[in-house]
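To start, the structure under review is shown below, and the notes come after it.
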Amino acid sequence: MAETRIIHGFHAVIGRIRQNAEGVSEIYVDSQRRDPRARDLLKLAEAHGVRVVPVDGKRLDGLAGNTRHQGVVAKVDAAQRVQHLDDVLDTLTEPALLLVLDGVQDPHNLGACLRSADAFGVHAVIAPKDRAVGINATVEKVACGAAETVPYITVTNISRTLRELKEREIWVVGADGEAETDLNGFKHAGAIAWVLGAEGEGLRRLTRETCDQLVRIPMLGSVESLNVSVSTGICLYEARRQRAAVK
């Protein structure tokens, strides 16, 4: 395997085996773990022909960069299975549901966004190559396997990508706390790309101006804004709810 990266945690490793076992080089498991969870992982790895190496906790700590690894670390193919957005859009059998993250920096937020994207059937998550966290071991763990099921596509220029989506008749909607329209008054059950901004900063100016529409989440309490991953879940749920209502 030419280039590998490390993932850790049971959800991330099991998700990778189930989705792309051929991309798993080997798995390192704490030799002291003999609990049902570890045994199930070993059975799954054996069934898919993935090599398992028992090691001590110190070796695992080194492999995982001293992060919480739950006693399991895997070396996986660093290459992304989906490289281009067209590869996703050209094969869809339903209107596109996309999530665009405009510069999310926190790996825990990105992992949670991917988890919501998986839960609500998002066809791809789009993010900039620069000024964004990207997929790493922490993201994989927080995503609980969703990093392996949802195509994560990086692009050089978010605004240009949004314009290309609009050319494909995909409605581009930005979540913005200052928008006049709130989620209760927003109606769209066709192809859509939800755009959410970075932590604390929101959408960048050019990204905001490129959107077809801006929508805010109605806030009834004292807090002024929601975490980006929470906002993601709300917007994606509403997108699926409106589609189900039309059907």
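Descriptive notes on the structure:
- Region 136-244 holds no helices (runs of 4 or more DSSP H) entirely within its bounds that carry 1 or more residues that are touching a His at 6+ places or on another chain (Cβ under 8 Å) and open to solvent by 60 Å² or more (accessible area, probe 1.4 Å).
- Set side by side, the residues H48, H84 differ, and just one is closer than 30 Å to T156 by Cβ and either open to solvent by less than 10 Å² (accessible area, probe 1.4 Å) or in contact (Cβ under 8 Å) with a residue 12 or more places away in the chain (or both), which is H84.
- Scanning region 92-100 turns up at least one residue that is at pLDDT below 90 and open to solvent by 10 Å² or more (accessible area, probe 1.4 Å).
- Within region 161-178, residues that are modelled with pLDDT of 95 or more reach partners that are part of a helix (DSSP H, G or I) with beta carbons closer than 6 Å, at six or more positions or on different chains, in the pairs L162/T210; V172/L162; V172/L165; V172/K166; G174/R208; A175/S231; A175/C235.
- Cβ-Cβ distances below 8 Å connect the following pairs, each with a first residue in region 33-45 that is open to solvent by less than 80 Å² (accessible area, probe 1.4 Å), a second residue that is small (G, A, S), and a separation of six or more residues or different chains: R33/G71; A38/G71.
- Boolean, R16 is among the charged types (D, E, K, R) and open to solvent by 30 Å² or more (accessible area, probe 1.4 Å): no
The values are calculated or read from the model by the stated rules, or taken from the named source; none is laboratory data. Everything quoted here is computed from the prediction, not taken from an experiment. Using ideal geometry, Cβ is built from the backbone for each residue, glycine included, and neighbour counts are taken over all protein chains shown. Ligands, DNA and RNA are excluded from the accessible area calculation, which covers all protein heavy atoms including side chains. Shrake-Rupley method; radii C 1.70, N 1.55, O 1.52, S 1.80 Å.
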